[in-house]
Amino acid sequence: MNHTRSSLLFQQAKSSIPGGVNSPVRAFKSVGADPLFIKKASGCHIIDEDENTYVDFVGSWGPMIVGHCHPAVIAAVKNTMESGASFGAPTELETTLANMVIDAVPSIEMVRMVSSGTEATMSAIRLARGFTSRDKILKFAGCYHGHADSLLVKAGSGAATFGVPDSPGVPAEVAKLTLTAEYNSLASVRKLVAENRDSVACIIVEPVAGNMGTVPPREGFLEGLRDICTQEGIILIFDEVMSGFRVAYGGAQELYGVTPDMTTLGKIIGGGLPVGAFGARREIMEKLSPSGGIYQAGTLSGNPLAMSAGIATLNILKQPGFYQALEDKSRMVAEGIAKAAKDAGYPIYSTRVGSMFCAFFTKGEVHDWPSASQCDTKAFAAYFLAMLNEGIYLAPSQFETGFVSAAHGISDIEKTIAAAAKCFKLIA
Ligand code: KE4
């Protein structure tokens with residue numbers, strides 16, 4: 001495939017934008033190639049600046065669950081645009097989307113809109129700290145919750161229970177307040193909570209981990225976190241920025257039947273426009289300014305355009321049979337790729353939760369970051385580039401999740417599986 005124009009545009013972008021991109025994962029660094037510059041998209045297809053067409057399994061990293069350029073979403077945004085993009089004043093659209101979220105997620109009695117997942121998790125942590133008057137937070141290795149300082153932290157080396165910065169620019173004093181446990185390990189959580197009794201404000205977890213590849217919660221893991229938080233007075237935050245409205249209309253908390261104290265959302269509820277949100281029971285949310293003293297704000301929070309795109313998207317998701325049809329297609333994709341690998345004699349560990357899926361290039365199983373990090377990222381890169389050449393656009397990193405949309409058709413899925421069969425043979 002010819003990528004001449006994309007490469008030219010990438011060179012130009014690099015002189016104006018750090019790394020040529022506005023978000024690092026887009027740079028294709030981990031697969032050792034220049035990124036594609038996308039010209040347009042429709043349904044499950046994206047078209048790059050060299051007029052190459054691909055079956056898209058990135059879907060803007062999750063938002064595009066109904067497919068690109070869905071007519072109902074376009075119509076809603078166009079209609080709102082003609083009345084004004086943003087006023088910096090309340091609109092009925094914000095209450096409409098808030099009530100749709102509240103109706104969908106029973107643990108949420110009130111919700112605050114923001115403009116990104118990062119803002120949602122950053123604000124949720126501040127609210128948890130303010131509500132509990134505790135300073136420490138606990139997260140999990142391999143989980144990503146956006147780029148707020150407190151969340152760009154990794155486990156301290158050796159026996160140190162406190163965190164150390166995972167990026168320059170994060171003050172050590174801030175990182176020390178973040179504890180890091182192992183995903184799917186309740187023992188690691190219990191140890192840290194015991195060593196920091198009465199000082200942990202919240203545990204924030206991706207109920208389905210999607211940022212180290214797709215790693216499902218082991219049976220009892222989420223229930224165990226719920227019990228620990230209830231016993232210890234810790235706020236349990238489900239970061240459902242990726243899983244919310246993705247794995248079920250009510251998110252992972254509906255799928256697994258575990259109720260968090262607070263939920264963060266994003267991606268799908270914006271329908272491709274910038275939206276994040278965080279919600280909880282009333283007694284927690286009412287602590288937020290201006291009803292309470294915990295400050296949080298945003299110029300474009302709840303802006304009419306993004307609200308319209310979100311409302312239109314959720315109205316499509318609410319239609320009977322939406323998730324069952326998506327489940328059937330997603331199973332076909334993941335099982336087809338896994339069979340292609342097996343038939344080629346190439347070992348992968350395949351995971352899927354709903355329409356989130358991943359092929360781990362490892363002989364072992366993957367249940368946490370230590371096991372995920374054993375993957376052969378060079379082999380993944382070769383597979384990724386071979387699939388790209390076959391017109392299949394996967395997430396450009398072993399440690400990301402693939403997304404199936406309602407717009408993926410059987411022919412697109414069959415093309416993907418055939419391409420995988422060819423590509424696994426190529427790299428085997
Ligand atoms: P944003 O600030 O990127 O809107 O959301 C941060 C975030 C929070 N929580 C979870 C569970 C997330 O997956 C994300 C963002 N996800 C990545 C995909 N791995 C966004 C892609 C990117 O960084 O460009």
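The values are calculated or read from the model by the stated rules, or taken from the named source; none is laboratory data. These numbers were taken from a predicted model, which means no experiment stands behind them. All Cβ positions, even for glycine, are placed from backbone atoms using ideal geometry, and neighbour counts span all protein chains on display.
Among helices (runs of 4 or more DSSP H) entirely within region 189-307, having at least 1 residues that are within 16 Å of the ligand (Cβ to nearest atom) singles out 221-232, 251-256. Taking residues in region 393-408 that are acidic (Asp, Glu), and partners anywhere that are within 16 Å of the ligand (Cβ to nearest atom) and not in a loop (DSSP other than H, G, I, E, B), the pairs with Cβ atoms closer than 8 Å and at least 6 places apart or on different chains are Glu400/Val25; Glu400/Trp61; Glu400/Cys358.
Take Leu394 and tell me if it is within 23 Å of the chain's Cα centre (by Cα), in the same structural domain as Phe28 (by TED's automatic domain parsing) and more than 16 Å from the ligand (Cβ to nearest atom). No: the conditions fail for Leu394.
Can you tell me which residue within region 135-178, out of those that are among the hydroxyl-bearing types (Ser, Thr, Tyr) and either touching a residue at least 40 places away in the same chain (Cβ under 8 Å) or in contact with a His (Cβ under 6 Å, 6 or more places away or on another chain) (or both), is surrounded by the fewest Cβ atoms within 10 Å (Cβ to Cβ)?
Tyr144
Within region 95-146, the set of residues being closer than 22 Å to Ser23 by Cα and acidic (Asp, Glu) comprises Glu119 only. Only one entry of Glu232, Glu240 meets the criterion of being surrounded by fewer than 24 Cβ atoms within 10 Å (Cβ to Cβ) and out of contact with any Cys (no Cβ under 6 Å at 6 or more places or on another chain), and that entry is Glu232.
Only one of the numbered conditions (1) in contact with a helix residue (DSSP H, G or I) (Cβ under 6 Å, 6 or more places away or on another chain); (2) surrounded by 18 or more Cβ atoms within 10 Å (Cβ to Cβ); (3) at pLDDT below 95; (4) not basic (Lys, Arg) is not met by Ala181, and that is (3).
Return yes or no: is Gly20 small (Gly, Ala, Ser), assigned by TED's automatic domain parsing to the domain that holds Met387, within 25 Å of Tyr383 (Cβ to Cβ) and within 14 Å of the ligand (Cβ to nearest atom)?
yes
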